[in-house]
Amino acid sequence: MYEFLRDLDRRWIFLMMFLCVAVPIIVIGLTGETFPEEPTDLARAVFHAIDDMPSGSKVLLSYDYDPASEGELSPMATMFAYHCAAKGHKMYFMALWPVGPQMVDDTIENILKRDFPNLEYGEDYVNLGYKSGYEGVIKVIITDFTELYTTDTRGTPWSAIPMCEDVESVQDMDLLINVSAGYAGTKEWVQYAVTPYPKLRMVAGCTGVQAPLLYPYIPQQLHGLLGAIKGAAEYEALVTAKYGEQMARRDADGNPVVDEEGNYVIRGKYTEGIRRMGPQLVAHLLMIVLIILGNVIYFIEKRRERRR
Amino acid sequence: MSRRRTPLLLLLGAAALSICVSQPAAGQPSDAPPAPPTDLTAQDHPWDKGEKIDLRWQLSPDDPDTIAGYRIYRSLTVKDAAQLDFEDRVEDLVDLFEEPDLPPEQLKAAIEARLPDIRAWADSAHAKHYEYDYQAEEAAAALEAYLAAGMDDRTMNRRAGKALSVLEEAIPLSERQQQDEELEAAAERVAKTAVTEPILRGLFGERWKEIWEERADEIPTDIRAQLYELRYDAELEAERRAQAAAAAKGDDVRWKHVVDVEPGLLEIRAGEMGYTLERLDRFSKYVFKVTAIGDRGVESGPTVASSRVRPVRQVYDGARFALMVITLLICGSVVFFIRVARSGKPLNVRKIAGLSAVDEAVGRATEMGRSVLFVAGIQDMNDIQTIAGITVLSRVSRLAAEYDAKIEVPTARSLVMTAARETVQASYLEAGRPDAFNADNIYYVTDEQFGFVAYLQGMMVREKPAACFYMGTFFAESLILAETGNSIGAIQIAGTAMPAQLPFFVAACDYTLIGEEFFAASAYLSGEPDQLGSLKGQDVGKLIVGIIVVIGVLLATALSVAILANEPVTAAYLEAIIEFIRKVVLT
Amino acid sequence: MKRETMIWTIVLLIGAVLLVLNGALRGAGQAYVKEVPMRFVDVAEPGEVRPDWIRYDSEAALDEELCVQPFEQIDPDRRKEWTRTEKAERGEYLTARATRPNDNPYRVSISRTIGVWVAALFTLFIFSFLYKDNPLYKIAEASVVGVSAAYWMVIGFWDVIVPNLFGKVAPALVRQWAIPGLEDPPNYWYLVPLILGVMLLWRLAPKGAWIGRWPLAFVIGTTAGIRLIGFIQADFLSQIRNTVIPLVAVEASTGTFDFWASAKNLTIVIGVLAGLVYFFFSIEHKGIVGKTARLGIWFLMITFGAAFGYTVMGRIALFAIRLEFLFDDWLWLIDPVQRRVPVDPETLALLSSGPLAALGLA
Amino acid sequence: MKRTIPLFITAIGGFVLIAAVFSGYTQSWGEVAAIWFDVLAAIAFILGGGNLMKIHLRKISDRGAGWAYSVVTLIAFLATLIIGLGKIGVNPSEQFPEYGMSGSYREVGGPFWWLYEYAFKPLTATMFAMLAFYVASAAFRAFRAKNLEAMLLLGTAFIILLGRTYAGVWLTSFLAPDGPLSGLRLENVTVTIMKVFNTAGNRAIMIGIALGIASTSLKVLLGVDRSYLGGGEE
């Protein structure tokens, strides 16, 4: 056994990794069963930042990512939009990345138009689109939106958008939500918006690679942070717990579907993060086992050498 | 003594004057408007890019009893008379061009009358700054050509008309015109929806909105005709209404709220405060007013600056003075130590483990008869890490040339390939073996990060290089390279300044040059004394960091202690100093 | 070796047969599109010099007299038409087939179906390298190198050369050809990169290849200049600024001493300074300097460990998405976002009976 | 001559751009230089692409090992290049329907988009996904507690990996969330590591890098390090 492990062909590790990810995906895909999520304080902070505001609050959602990071970030983007819509906040979408508006459009199309047909464009949500300049954009709109955003993506002039009438700058927002995959993103928002104007509140979702760089800002400048898919899953768990009835699948008569235990069966697009946590959890455990195993072998090896 | 006034000195001076002003007693919140601030002055900010104006005013006598802060307004930018006149003339001319049966003589006279104006404006600073000088010039040229052609050329007429309308669009709107236009658009939108909804609702019921927005082609032709008529009327009506609204708003100065500010303790003691407005337009004159806001949000009457001020652009940007001093300090110390080194004084530098392994790695590749792989990152030559990687390549390839080992350099950028070829060729020349240089071993693969890695991965497994160097900017591919290299048993030496990728190199490679060590590598490998001198210079930079951090931390700590000891005045002074360090020295 | 080859051939054959069965019987791997007619009308008024195109079936068209008549009757010079295809799901296709069978805008897209299969096979080819290097991986590798090199060249041409070189030097030409909306005046400064570019290409000529060093020198010089000042301003100064923190922290809400925050601040300041000492080149790591440098490297190692742990999460998610593509888009094994709901009756009948259920393809 | 002029160009280009930062008139020069660089890099594609074709054509004509794969590369390369440069199968843009070439070269549904969506994207994304495997094998092989430094790296990674799953939360759930030892709960330990140690470490690295870049740039501008300029007479 020891010899086998010591000279372990790394292809066995590859196989284990494959199984640890593939099996949970298939099992979860076929059965719809997922692991329970115990939300951490950071995810709770995000949830409460949005949920505790009175409905009708103004929320700026900046989607600063591209299709390459969609896997990690689109569950968060979906949930942010859903949560704000369900809560009745006014949503101002924008993007610092050139392809960001597509991500915004996807969210509007898949979430707001399909599940909130009553929301009116221009009154409940607006897509301000992309402006080039990275953090330069933030520096400008923090004092004056119209200096850059004279119109929305449809070309409607700023003052002709009902929900923009009493908005002059980012400072008029009750909350900033940022979904970010790198530069420019959460770090720039913190540096150029929240740091100089500490009254602003901000929560963010980011990729795993980025998360370490953002921790220094919690909680003074950044009130909550969703790190990678785990953060998305925790947040999904919190939102579905509260809005389960609206988010459930519908049967032929339009009633929410309930499983045997009486819990709502949530629609697939709202559990993406939770579903993906299955493979994630198993794979993490595998990593931990591998690290332990590697060290056990190392110590046995060392002891044998010493005996010799 | 320079003209630059530092806020710190000012604050200290102001505070010293007012040190004996006693603290007034706290008052009751009230709904009555507070007393207004007074004596507002506005001055162009010295040494800036022409976008800042300094305001100063005397605080309201009610401060600090019932004052929450001050609200600053500025006037909207308005065009001056000359600009407006020019704009009108262009507009008139455009209209004349669109007039179908205008007698040619009349058009000719109009053109001749306005041509000098257009020429003059094309040369103005305003036109150059707002980039309509080109359009003005084009329009003038087209008009001249039209006149010269005797005004009966149809194409020339069209071209001149088009050039004029392009010019008309290019002249920027002033903020006031913008506001009027927005007003008009808003009124139009409201009017249109008011017309559309009842008709469509009658036709499609609750689905009207969906059809209106997404399936407009389903609306029958006769309804389209009807809507067209009604909306045409609505548009006219809207324009009338918007004009009326704009006229109603049209007092002499239209104000724009800029920002609310709160005075600090020192400013309250001094009884006056200042604020610098940024990002103003250097072609507009501004008026400013400041009001005081009471506890309950009630605004006082204003104090208005007596004159119109225009921000002026200066050659030197004073905001970057501290940056210049620090840059000069760092560069100066590097240059100084390079000179010291050249003068022949011995310089001691510590050893870096990874670098002594370079020799060994290339030597091993030679013994095994295998190649040396060198990857200079995946970024282009506009990344300083790539340049650092190329300088390391020159040392490694020189070793390879001396040992007669084959060195292979696949690159992800065409320019890097070019630079690497020059470098390796030079190394072979230096080593005295120019004939052994083979340019085909340095080749471009693809710009795509993962395409490049896919190639490298396959190549490494097939050719099994004995030594792999990864020196440059790396992203996610770092671990793919390092793990593949490990699986073929190569000696791997990596160097990068990408903090996120360092752990993977540290874990999977034999030696890793971390951050600054990577930049030092070429100096070490060259062994030339003047190169080593630059390392000493870098150390001076680190000393500067240490000194600033220690002073800053001590001051910040003193501030905390002052707050804990309940010494608000000391704390306010300390805070001003720390703000100065943070906002002026360290930006 | 022979036996291994045979086993692999058999395994691959069985897999291929299952795939074909899955595709043929269930339609797995099919991609659907929605066809959207794009109809444009030129609504320029007689006096207007430039044409003014709008969508015939848009909100704006309702304000135009021209659009009151049916599209086919408009003057052919003033209308243009083509069809755009949008991504759609099988569920939408089936629903539309049931509800509006005569004008179903959804259909199976053959090119995209082939695309899904190509993408799936390429995915498998790349993963096959994990077992060992093989011809399938080599095919994928050769394809990715070819496609991606050309892809970036095309982007370089249309996004850089056309707007930033041709568009600046000869805007009139570009306006007539590729970017009709271009309104910028010619900017002859952009001849400089063109000249440098020609110098760079000079190395293809038989003589005077050294002239190619000039543009290289220019690139390296400007890069060095921009980065020197840029990094001092952005990284150097801002990181020092962030480190100016009090060692005695005050809790903002109560105004009292905060022990834990103070300890954290102290650790950060010590960590930064010790880390810098590690990077000191002038002094050997001995004695007190050596100890401080050692402390510095400990901080660096903790930093690396943290970055490693966090990065792992993202990598696993990426792999999970590739597998979801294979299982969901290609094989139709799982349907977590209900794309193929409602299931059509034929497939249902096929699934509940017959050998497919036994094979576990349901 | 052959080396002096390039050195001169380097120094002038660099120092002018440094000085430009300090005047309001010239602060945009850096951006212009960046665009010029992009243009130059795009022109350089001719060199890179030409070299790519040369290598593979030679491999094919020599019938070198794996020449068939060179055929695949060449076909993929030329097909993508021709389709993309010619905007083949692309509709006009919506603003200018009368201009055939006005559409976006990567229009959704067009052949170039197809190549991107079904060849470029899956191939590169799968390469990216292979990292999941390499991360696992690196964890097994390289994370050994050889010395204190390695133990710190390994221990931190271990804590973070655990702390980011349900397992970690569960392991230390016996510590009361608001008790005196709540700071030792794994999720809180994770946060402390990130906020304190990780911040300090990253800062030291970033300051060092900035200094390294400044000094390297200066050496290049002063001509102390000129290896990139190649050989030949002075």
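Worth a mention:
- Positive-end ranking of C:152, C:164, B:501 along the dipole of the protein assembly as shown, with charges on Cβ about the Cα centre, is headed by B:501.
- Distance between the pseudo-spin-label points of residue B:120 and residue A:2 (7 Å out from Cα toward the beta carbon): 9.9 nm.
- The C and B chains share an interface that buries close to 7600 Å² of accessible area, total over both sides, probe 1.4 Å.
- Spatially near lysine pairs across chain C, Cα under 25 Å, sequence gap of 8 or more or different chains: 5
- Its DSSP H runs of at least 4 residues, each contributing -39,500 (n - 2.57), put the calculated 222 nm mean residue ellipticity of the protein assembly as shown at -17500 deg cm²/dmol, to the nearest 500.
- Between helix C:90-99 and chain C: long-axis angle, C-alpha atoms, 0 to 90°, nearest 10: 30
- Net charge dipole size for the protein assembly as shown [Lys, Arg +1 and Asp, Glu -1 on Cβ; Debye, nearest 20]: 7940
- Here the accessible area of region D:53-126 is 65 percent carbon and sulfur, with a 1.4 angstrom probe and all protein chains present.
- Charging the Cβ of each Asp and Glu at -1 and of each Lys and Arg at +1, and nothing else, the dipole of region A:198-298 about its Cα centre rounds to 500 debye.
- For chain B, the share of accessible area belonging to carbon and sulfur comes to 53 percent (1.4 Å probe, ligands and nucleic acids excluded).
- Counting only alpha carbon atoms, the long axis of helix B:321-342 and the longest principal axis of chain B meet at about 20°.
- With the charge dipole of the protein assembly as shown set up from +1 on Lys and Arg Cβ and -1 on Asp and Glu Cβ about the Cα centre, the Cα lying farthest toward the positive end among the listed residues B:275, A:91, D:51 is that of D:51.
- Distance between region C:261-330 and region A:65-107 - C-alpha centres, whole angstrom: 30
- FRET efficiency, 1/(1 + (r/R0)^6) with R0 41 Å, evaluated for residue C:98 and residue A:41 via beta carbons: 0.25
- Residue-span extension gain [residue B:95 to residue B:462] - 0.36 nm each, minus C-alpha spacing: 124.7 nm
- Spin-label model, residue B:367 to residue D:27: label points 7 Å out along the Cα-to-beta-carbon direction sit 5.9 nm apart.
- Relative to the dominant Cα principal axis of chain B, helix B:154-170 is inclined by about 80°.
- Normalised contact order of chain B, rounded percent, pairs of Cα under 8 Å and 6 or more residues apart: 18
- Cross-link pairs beyond the 27 Å C-alpha cut-off, checked among B:49/B:285; A:131/A:187; A:113/A:139: A:113/A:139
- Positive-end extreme of charge dipole, region B:89-138 - chosen from B:134, B:90, B:107 (charges on Cβ): B:134
- In range of the label at residue A:12: residues from region A:260-300 whose backbone nitrogen is under 18 Å from the point 7 Å along Cα→Cβ: A:286-300
- Span-like helix ranges in chain A, DSSP H, alpha carbon extent 24 angstrom or more, Kyte mean at least -1.0: A:10-31, A:70-87, A:228-247, A:272-307
- In this structure, residue C:209 and residue B:488 have a Cβ-Cβ separation that, at R0 = 56 Å, corresponds to a calculated FRET efficiency of about 0.95.
- For trypsin sites (Lys or Arg not before Pro), the sites in region C:168-212 that DSSP calls loop and that have at most 13 other Cβ atoms within 10 Å are C:207.
- Cut-off 15 Å, label 7 Å out along Cα→Cβ of residue B:245, residues of region A:141-169 by amide N: A:157-167
- FRET efficiency estimate (nearest 0.05) - Cβ-Cβ, residue B:279 to residue A:55, R0 35 angstrom: 0.50
- Computed from backbone phi, the HN-Hα couplings of region B:274-282 come to x, 8, 10, 7, 10, 6, 9, 9, 7 Hz, rounded to whole numbers (Karplus: 6.51 cos²θ - 1.76 cosθ + 1.60, θ = phi - 60°; Gly and Pro given as x).
- Reported to the nearest whole Å, the Cα centre-to-centre distance from region B:335-400 to region C:139-182 is 37.
- Residue B:303 sits among other residues whose Cβ lies under 14 Å from its own Cβ, and their net charge, with Lys and Arg +1 and Asp and Glu -1, is -1.
- Under the convention that each Lys and Arg Cβ holds +1 and each Asp and Glu Cβ holds -1, the size of the dipole of region B:355-434 around its Cα centre is about 120 debye.
- Working from label points 7 Å from Cα in the Cα-to-Cβ sense, the residue C:60 to residue C:18 distance is 5.4 nm.
The values are calculated or read from the model by the stated rules, or taken from the named source; none is laboratory data. Nothing here was measured: the structure is a model prediction, and the numbers come from that model. Methodologically, a virtual Cβ is constructed for each residue, glycine included, from the backbone with ideal geometry; neighbour enumeration extends over all protein chains shown. Please note that ligands, DNA and RNA were not included when accessible areas were found on the heavy atoms of the full protein model with its side chains. Shrake-Rupley method; radii C 1.70, N 1.55, O 1.52, S 1.80 Å.
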